[in-house]
Amino acid sequence: MSAVPKRWLLLRGLAREKRHWGAFPDHFAKDVGVEVHTIDLPGMGTEVQSIVPTTVQGITDDLRARWLALGGEGPAGIFAVSLGGMILLDWCTRYPGDFARAVIVNSSAGNLSPFHHRLRPPVYRRLFGSVLENDPRVRERTIVGLVTNLQKDIDTVAGAWASYAEDTKPKRASVLRQLWAGSRFKAPVKIDVPLLVLGSKGDRFVDPRCSERIAERFSAPIEWHDDAGHDLPLDAPAWVTAAVRRWVMVQA
């Protein structure tokens, strides 16, 4: 077994930027005992002016160029949620030397799960309505309501997220291009990077069976949180970091 990576890259999902992590990167760094980096997907946050590739592979290559520019010695770890998880699978397949550990959270793939599992039918109208909504506070209130189960003060979270949108003003076309890229993604046959799957049984956005299919595909261990929503790091950050810490120590 190889040594535990001391650097980790954290990737967010659809229409999110690194500020949406909140305090989670600090918790991850402290609890797992590593250095943490966050990079925005094209079209979001610091990359709001960039054109979003319409394939996961294109998004991966955009991110990888910026990740490699950061430097650092030895393979790192990667932790990614939802759309970020699709990027993780592609990245670890095509560039297996970049990472020594990978943790995927509440993600999916078109060749492993049907469309109505990858995006639950009750979500369709609210999600696409949020994409068309011009008021960021209304939009983010809808999104928070879809991805969290355990936040007691949804309005405070939504207000913070709305402030990010008001700050950077991401383009509607960027969100749609990310959606298109994710909808077309198919999981590879195998990956050569040790993988841990984390899932939320209470996920109302993506059917938990999508995480099961990923774990089965790659013969990867899977751990479940019984109550958290789709945004597992938001709902249960301590549970997540404890699961990652246990796993990387077993792998060491």
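The values are calculated or read from the model by the stated rules, or taken from the named source; none is laboratory data. These figures come from a predicted structure and were not determined experimentally. Here the Cβ positions follow ideal geometry from the backbone for every residue, glycine too, while neighbour counts run over all protein chains shown. These accessible areas exclude ligands, DNA and RNA; they are computed on the full protein's heavy atoms, side chains included. Shrake-Rupley method; radii C 1.70, N 1.55, O 1.52, S 1.80 Å.
Quick notes on this one:
- Only Lys, Arg, Asp and Glu carry charge here, each on its Cβ (+1 for the first two, -1 for the last two); on that basis the range 128-252 has a dipole of about 540 debye about its Cα centre.
- Solvent exposure of the chain amounts to 43 Å² per residue of accessible area, where only protein heavy atoms count and the probe is 1.4 Å.
- Of the residues Tyr164, Trp21, Ile222, the one whose Cα sits farthest towards the positive end of the charge dipole of the chain is Ile222 (charges of +1 on Lys and Arg Cβ, -1 on Asp and Glu Cβ, taken about the Cα centre).
- Each peptide in 207-217, 167-177, 10-20 gets a packing score, the mean of other Cβ atoms within 10 Å over its residues, and the list from highest to lowest is 10-20, 207-217, 167-177.
- Rounded to the nearest 20, the size of the Cβ-charge dipole of the range 1-117 about its Cα centre is 140 debye, with Lys and Arg at +1 and Asp and Glu at -1.
- Within the accessible area of the chain (1.4 Å probe), percent carbon and sulfur: 55
- Charge tally in the Cβ shell below 12 Å around Ser82, where Lys, Arg are +1 and Asp, Glu are -1, Ser82 excluded: +1
- Built from the Cα atoms of the range 196-252, the convex hull projects on average onto 3.7 nm², one quarter of its surface area.
- Debye log10 I(q)/I(0) at q = 0.13 Å⁻¹ for the chain, Cα point scatterers: -0.75
- Top positive-direction residue, dipole computed over the range 1-118 with Cβ charges, set Ser108, Pro53, Thr93: Ser108
- Normalised by 2.2 N^0.38 Å, with N the number of residues, the alpha-carbon radius of gyration of the range 39-100 equals 1.08.
- Beyond 21 Å, the tail of the calculated P(r) for the range 1-88 holds 28 percent of the Cα pairs.
- Rg/Rg_ref, the range 129-252, where Rg_ref = 2.2 N^0.38 Å and atoms are Cα: 1.22
- Each Lys and Arg contributes +1 and each Asp and Glu -1, all at the Cβ; summed about the Cα centre of the chain, the dipole is approximately 540 debye.
- With N as its number of residues, the range 104-167 has a Cα radius of gyration that, divided by 2.2 N^0.38 Å, comes to 1.26.
- Distant alpha-carbon pairs in the range 38-165 (separation over 23 angstrom), percent: 44
- For the range 66-167, relative contact order (Cα pairs under 8 Å, six or more residues apart, normalised by length) works out to 19 percent.
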